[in-house]
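Here the structure is laid out as structure tokens; the discussion comes afterwards.
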Amino acid sequence: MHIERRYWLFGATIVLFQLAGYNAMTLSLLAFSLILLFSTECFFNNVQALKWFLSFCIGTLFIGLIKLFFNDASMKSLMMWGQFYLLCFALLGLKDRKQALQVLKIVVYLIFIGDLISNLLLMLGFDLPWSSLPPKRIGEFFPRFTGIKNNTLYSGSISFLALCFTLHERQLPKYLHRLLLAMMVFNLVLASSFRYYIALFSVVILIKFRLYSRQKLLKMGYVGTIILVVLATWLTRTISLSNSLRWQLWNNTLDRITENPLSGIGFMFQELSEHSMVSYHNLAMSGVTESTILLIMLCFGLPMTLLFLAVIAQTLSRMRLFSTYSVTLGLFLSLSLDLFWGGSWDNILSLSLFLLSLYGINHEGYFQQKAEQYLSKEQREPQCSADDSHKFNE
């Protein structure tokens, strides 16, 4: 596939975000690269298929701006949500979604290679200036490898995204395909990010049993996975430090939500220093929720959260219109599930892939549904005309 230069600029901006994070320069460059890809015609075309999600974006933005008059918001929170809305609106007008996905796939592979090399060097005992091996957590047998960004969650995330794309590669020789999958699973195991084990399992089941065309099983499995994860977290909270912290943070967030359940507190995002000690007190004081769904509820209230859940349900329903598996199906299923017990909206790469998959499924599903309705109407009209003619002759 030929990829235009402006899409490469978008990919380069994403890489820069991975290295430099949020600041005025990276956000400005992101805005510039997205302007080059924006089409007003595509925007209004996509809006037809994404009315609920657009309502969610406008509603939460309105609530957040109103709350700014009464509550202060940190610069990081404003930049994080600013990035979210910029991507939401700009990617709606994307001219070629396939080129953007192809560029992001290459970005994922390149970062994964760097991450795998970093973890292998750590395993061999090398001291790396950009990464270090953390101590083993309580209730776990091995330390979690931190990869290229000195972050176990990021290492797990990039390995999982690479797996999502590789599972969809159909042109590779079988031996090479299996070797790549083994390397990615190995790196995922090194990171020990259990949430991405669940995400990978959901994608494999989706592909193996073609659940995108079996709506009842898909939705039952989706809800069942959420229930099982919550139940497993509760059952293991006394033997696993990670699950103990997650359970406490969920309860803390729910307590904060009850203080203002209808409209939330406005723009807020976690501000946890990389060098902070991992403890419940530090995490809670830094605004960590351990669930993007709960974060949405805390920031914008229950009604907006229900609207977002309706968007997820609508997107799952539109999967049935796909006759074959597409990488966007696996990305949306796994990344949307991850929002319930984690989420990566602060990572521009994961957020971009989530939005592109959400938009792609709804766009194709909506217009295919419209085409089927039109054909059905066309088939009924000749039948009606024939019936009318028969009555006239009588």
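Residue by residue, here is whether (1) hydrophobic (A, V, I, L, M, F, W, C); (2) within 20 Å of ILE257 (Cβ to Cβ); (3) at pLDDT below 95 holds:
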site: SER286; (1), (2), (3): no, yes, yes
site: THR305; (1), (2), (3): no, yes, no
site: PHE308; (1), (2), (3): yes, yes, no
site: LEU333; (1), (2), (3): yes, no, no
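Per the conditions (1) without any contact (Cβ under 8 Å) to a residue 24 or more places away in the chain; (2) among the β-branched types (Val, Ile, Thr); (3) surrounded by 22 or more Cβ atoms within 10 Å (Cβ to Cβ), the sole criterion not satisfied by THR324 is (3). In the stretch 294-317, the residue that is farthest from TYR222 (Cα to Cα) out of those that are surrounded by fewer than 20 Cβ atoms within 10 Å (Cβ to Cβ) and not aliphatic (A, V, I, L, M) is PRO303.
Of the listed requirements (1) within 29 Å of PHE56 (Cβ to Cβ); (2) surrounded by fewer than 19 Cβ atoms within 10 Å (Cβ to Cβ); (3) touching a residue at least 40 places away in the same chain (Cβ under 8 Å), ILE239 misses just one: (1). In this entry, LEU121 is excluded by the filter for residues that are under 26 Å from the mean Cα position of the chain (by Cα) and assigned to a helix (DSSP H, G or I).
Go over the candidates LEU249, LEU294 one by one and state the one that is within 18 Å of SER193 (Cβ to Cβ), modelled with pLDDT of 95 or more, touching a helix residue (DSSP H, G or I) at 6+ places or on another chain (Cβ under 8 Å) and part of a helix (DSSP H, G or I).
From the options LEU249, LEU294, the qualifying one is LEU249.
Residues in the stretch 257-292 that are under 23 Å from CYS57 (Cβ atoms) and either polar (S, T, N, Q) or surrounded by fewer than 21 Cβ atoms within 10 Å (Cβ to Cβ) (or both): ILE257, ASN260, PRO261, LEU262, SER263, ILE265, GLN270, GLY287, THR289, SER291, THR292.
Take the residues in the stretch 122-165 that are more than 22 Å from PHE332 (Cβ to Cβ) and of a type in the set (A, V, I, L, M), then tell me which one is modelled with the lowest pLDDT. Top of the filtered list is ILE138. So which residues in the stretch 113-130 are surrounded by 15 or more Cβ atoms within 10 Å (Cβ to Cβ) and either hydroxyl-bearing (Ser, Thr, Tyr) or touching a residue at least 40 places away in the same chain (Cβ under 8 Å) (or both)? Those that are surrounded by 15 or more Cβ atoms within 10 Å (Cβ to Cβ) and either hydroxyl-bearing (Ser, Thr, Tyr) or touching a residue at least 40 places away in the same chain (Cβ under 8 Å) (or both): ASP115, LEU116, SER118, ASN119.
The set of residues in the stretch 75-92 that are at pLDDT 90 or above and over 19 Å from the mean Cα position of the chain (by Cα) contains only LEU78. Per the listing LEU30, LEU36, LEU110, LEU128, the residue uniquely over 21 Å from the mean Cα position of the chain (by Cα) and under 19 Å from TRP8 (Cα atoms) is LEU36.
Yes or no, residue by residue, for (1) assigned to a helix (DSSP H, G or I); (2) surrounded by fewer than 16 Cβ atoms within 10 Å (Cβ to Cβ); (3) in contact (Cβ under 8 Å) with a residue 24 or more places away in the chain:
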position: SER132; (1), (2), (3): no, yes, no
position: ARG137; (1), (2), (3): no, no, yes
position: ILE148; (1), (2), (3): yes, no, yes
position: CYS164; (1), (2), (3): yes, no, yes
position: LEU180; (1), (2), (3): yes, no, no
position: MET183; (1), (2), (3): yes, no, yes
position: VAL189; (1), (2), (3): yes, yes, no
position: ILE198; (1), (2), (3): yes, no, yes
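The values are calculated or read from the model by the stated rules, or taken from the named source; none is laboratory data. Not measured: the values here are computed from a predicted model. Here the Cβ is made from the backbone with ideal geometry for all residues, glycine too, and neighbour counts use every protein chain on show.
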